[in-house]
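These notes are about the structure you will find just below.
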Amino acid sequence: MRTEPGVAEVTGDPSFVSRDGRSAYLSVTLAVPPDSPAAVDVVRRIRASPAAPGEVRVGGPTAEFLDMSEETQSKTWLVIGLVLGLSFVFLTVILRSVILPLKAIVMNLLATGAAYGLLVWGFQDAHLAGPLDFVSSGSVQVYLPLTAFALLFGLSMDYEVFLVRRVQEEWRATGDTEHAVAVGLRHTALPITAAAAIMAAVFGSFVTSDILEMQQIGFGLAAAVLLDATLVRIVLVPAVMRLASSANWWLPAWLDRWLPHIDA
């Protein structure tokens with residue numbers, strides 16, 4: 001804490017006071033976990049304290065956690081917007097469709113949102129505290145939702161392109177969307193399920209860790225991958241494509257001429 005001369009007197013070990021007497025270092029020991037809401041509130045109150053003239057700088061794990069939380073939250077929508085926008089452009093170019101990229105984004109958001117809900121239920125609300133042997137801090141690590149979103153969106157796009165491209169190939173050969181969806185699903189369901197099972201097993205192994213953050217990210221990723229590869233990719237995506245029929249492949253002529261053609 002920094003003060004003007006004569007305003008406050010700092011006593012104790014001289015090594016904690018600057019030579020000009022204008023700055024002092026104070027150590028605060030908390031009786032709560034450093035990443036708990038109560039600890040964060042202490043940092044906020046110290047920084048906003050009107051009783052301390054001059055500049056107050058707070059360091060330590062709780063202050064770092066608070067600063068990282070605020071920085072992450074301020075950039076969250078920017079990251080989400082970039083990921084969604086670039087994904088839409090990429091899928092539009094590859095699939096030559098407007099409907100399919102929109103459908104893919106909505107489906108991926110559903111899977112990610114469901115994983116977030118399970119994460120909050122299991123760790124923030126502590127329903128998994130007994131089975132996984134952890135003490136809940138009443139929150140989820142601030143960086144986890146954004147990190148999981150980026151990872152899961154990338155993994156989900158792999159499944160999406162794998163499935164839809166196979167459907168597209170069959171549709172181009174037959175012109176029958178219903179038949180193309182059935183054939184595409186038949187050829188890709190097993191590889192998608194097998195790949196998801198492997199990734200879920202790898203991510204799920206993180207829950208055996210003694211580190212709470214590792215348990216949270218492992219559970220969240222495993223749950224999202226399983227939901228995406230089963231409920232979303234094997235059930236919802238084919239169903240929506242079957243209902244959309246020929247609208248799946250709609251692309252304005254002017255946009256088709258403007259977009260680059262990529263043979264894959």
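For this structure, a couple of remarks:
- Counting only residues that are over 14 Å from Ser246 (Cα atoms) and either open to solvent by less than 70 Å² (accessible area, probe 1.4 Å) or acidic (Asp, Glu) (or both), the range 170-194 holds 10 of them.
- Test: residue in the range 50-62 that is surrounded by 14 or more Cβ atoms within 10 Å (Cβ to Cβ), within 30 Å of Val232 (Cα to Cα) and at pLDDT below 85: no
- Subset of the range 195-226 that is free of Cβ contacts under 8 Å to residues at least 40 places away in the same chain and open to solvent by less than 50 Å² (accessible area, probe 1.4 Å) - its residue that is farthest from Leu119 (Cα to Cα): Ala195
- If you go through the range 100-137 and pick out every residue that is open to solvent by 60 Å² or more (accessible area, probe 1.4 Å) and not polar (S, T, N, Q), you end up with 13.
- Residue match in the range 51-69 (condition: basic (Lys, Arg) and part of a helix (DSSP H, G or I)): no
- Matching option when the condition is over 16 Å from the mean Cα position of the chain (by Cα), surrounded by 18 or more Cβ atoms within 10 Å (Cβ to Cβ) and in contact (Cβ under 8 Å) with a residue 12 or more places away in the chain, among Val164, Val140: Val164
- Residues in the range 85-112 that are closer than 15 Å to Leu255 by Cα and within 19 Å of the chain's Cα centre (by Cα): Phe88 alone.
- Scanning the range 134-173 for residues that are of a type in the set (D, E, K, R) and over 21 Å from Val202 (Cβ atoms) yields Arg165, Arg166, Glu169, Glu170, Arg172.
Quick grid of which residues meet (1) more than 25 Å from Glu71 (Cβ to Cβ); (2) assigned to a loop (DSSP other than H, G, I, E, B):
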{"position": "Leu91", "(1), (2)": "yes, no"}
{"position": "Ile94", "(1), (2)": "yes, no"}
{"position": "Met107", "(1), (2)": "yes, no"}
{"position": "Leu119", "(1), (2)": "no, no"}
{"position": "Val135", "(1), (2)": "yes, yes"}
{"position": "Ser139", "(1), (2)": "no, yes"}
{"position": "Leu151", "(1), (2)": "no, no"}
{"position": "Ser156", "(1), (2)": "yes, no"}
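- Residue that is nearest to Ala148 (Cα to Cα) [pool: residues in the range 192-243 that are among the polar types (S, T, N, Q) and assigned to a helix (DSSP H, G or I)]: Gln216
- Residue within the range 227-239 that is crowded, with 21+ Cβ neighbours inside 10 Å, closer than 22 Å to Asp133 by Cβ and within 19 Å of the chain's Cα centre (by Cα) present: no
The values are calculated or read from the model by the stated rules, or taken from the named source; none is laboratory data. Only a predicted model underlies this, so the values are computations on that prediction, with no experimental measurement involved. Here the Cβ is made from the backbone with ideal geometry for all residues, glycine too, and neighbour counts use every protein chain on show. In case anyone asks, the SASA skips ligands and DNA or RNA and just uses the protein heavy atoms, side chains included. Shrake-Rupley method; radii C 1.70, N 1.55, O 1.52, S 1.80 Å.
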